[in-house]
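The values are calculated or read from the model by the stated rules, or taken from the named source; none is laboratory data. Since this is a predicted model, take the numbers as computed values, not measurements. As a convention, Cβ positions derive from the backbone with ideal geometry for all residues, glycine included, and neighbour counts pool all protein chains shown. Only protein heavy atoms, including side chains, enter the accessible area calculation; ligands, DNA and RNA are left aside. Shrake-Rupley method; radii C 1.70, N 1.55, O 1.52, S 1.80 Å.
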Amino acid sequence: MEKRIIKFGVIGCGLMGKEFASAAARWCHLTGVDFEPRIVAVCDANPAATQWFQDNVPSVNRAYSDYKELLADDEVEAVYCAVPHNLHEQIYIDIIAAGKHLLGEKPFGIDQAANEAISAAISENPNIVVRSSSEFPFFPGVQQIMKWVEEERFGKIIEVEAGFWHSSDLDPGKPINWKRRIATNGEYGCMGDLGLHVLHLPLRFGWKPASVRALLNKIMEERPDGQGGMAPCETWDNAILACDVKTADQQFPMVLSMKRIAPGHANTWFIRIQGTKLSAEFSTKNPKQVAFLPYEPGGRQAWHVADAPYQSAYGTITGGIFEFGFSDSILQMWAAFCDEIVHGKEGMQQPFSCALPEEAEGSHRLFTAALESHKTSGTIAIDWGNEG
């Protein structure tokens, strides 16, 4: 099969940029796709970061220290950008204005004003595909739950819980980084860092919070500064958001949690949906399994746990008896983004797209209200305007 090659540039050559390079190198793992990403140029202020790409990715033949030089590179058609939140606004706008498709990291701006500026640039360039990185919905177990939601199998929703938890920050000796500083991460703290991962599916399902009561927690007050001293931690470590969701035909509570200090959780993403006809949950803690409880009036209430076979959104060479993991979800996400570039949203091989700019905008509405809720110790209504 002849494949359409999409030539990419990478701005920000850290961990997730390397994950993209790994996914591109594993493209032969996919079956039946007529597109393929090829990283040809990279950019980072740190020469050692770009050198890794030059040493390990044969297709990379240009390395820049100024992202504007990469955007002026006519060979680059699309860009993956993973930079601190304070840099999102200007760089994302410049990428879009340069006519490059963009997969950017969340939260699409350090605050709501920055996000609004990015959204305006997207509106002015409707032919550019702009999406946010969010890989967890591509786990086969999550795809199953999504199918049940689309089929309206849950009946009346009783409640929803979703979260993304880490534990490495429990170590007080972990040096401070940009995510602990308001100037680079923003006042959202862990919400900006983790929150769109948590909100991606609820917002895709149309479950927009009408109000929020936020509990924000700063656990580590200071961390080693790498120079023998200590530096203050300015951002929120953990956040629990109690939301009231109102749809056209029902109302239910939804609890969202984003935690950088959750003992025992290395990288745990989960979603739980309880309904009058079906309840279900999935967690990357047990990535092969989906738990579900079908219910008929008067019948037994019994949870079932079943292995989710390796049946991904895009076909792979892997047999269904094997395990699906994080790197597989990254590969699937990139397949969805490249598919949309080549075939358009309506022509994709499968219907689930990467996180939308509108969903990133929705996360900003919620996180801004959450900050106000914490400040006032009250419940804050969220105005969705014409979207609600």
Report task. Answer with a single label: of [x] 1.11; [y] 1.00; [z] 0.96, which was calculated as Rg/Rh (Cα atoms, Kirkwood Rh) from the structure in view? Result -> [z]
**Report entry** Charge-dipole axis of region 9-160 as Lys and Arg at +1 and Asp and Glu at -1 on Cβ define it, positive-most pick from 110, 155, 51
**Finding:** 155
Report task. With all protein chains present, calculate the accessible area of residue 152 using a 1.4 Å probe and round the result to the nearest 10 Å². Result -> 150
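Tell me the net charge near residue 270. Cut-off is 13 Å between Cβ atoms, residue 270 excluded, with +1 for each Lys or Arg and -1 for each Asp or Glu. Provide the component values of the computation, followed by the final result.
Details: positive: 259, 272, 285; negative: 161, 281.
Its environment carries a net charge of +1.
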Query raised in the report: Any idea of the accessible area per residue across the chain, 1.4 Å probe, to the nearest Å²?
Result: 43
Report summary line: Whole-Hz Karplus couplings 3J(HN,Hα) for region 304-310, θ = phi - 60° and coefficients 6.51, -1.76, 1.60, Gly and Pro as x, run 10, 10, 10, 5, 8, x, 6
Query raised in the report: Karplus couplings for region 63-77 from phi (6.51 cos²θ - 1.76 cosθ + 1.60, θ = phi - 60°), rounded to Hz, Gly and Pro as x?
Result: 10, 10, 9, 10, 5, 5, 5, 5, 5, 7, 6, 5, 6, 7, 9
Report summary line: Sequence order, region 271-288: Karplus ³J(HN,Hα) from phi using 6.51 cos²θ - 1.76 cosθ + 1.60, θ = phi - 60°, Hz rounded, Gly and Pro as x, gives 9, 10, 10, 10, x, 6, 10, 8, 10, 7, 8, 9, 9, 5, 4, 10, x, 8
Report task. Using a 1.4 Å probe over the heavy atoms of the protein chains, calculate the carbon and sulfur portion of the accessible area of the chain as a whole percent. Result -> 50
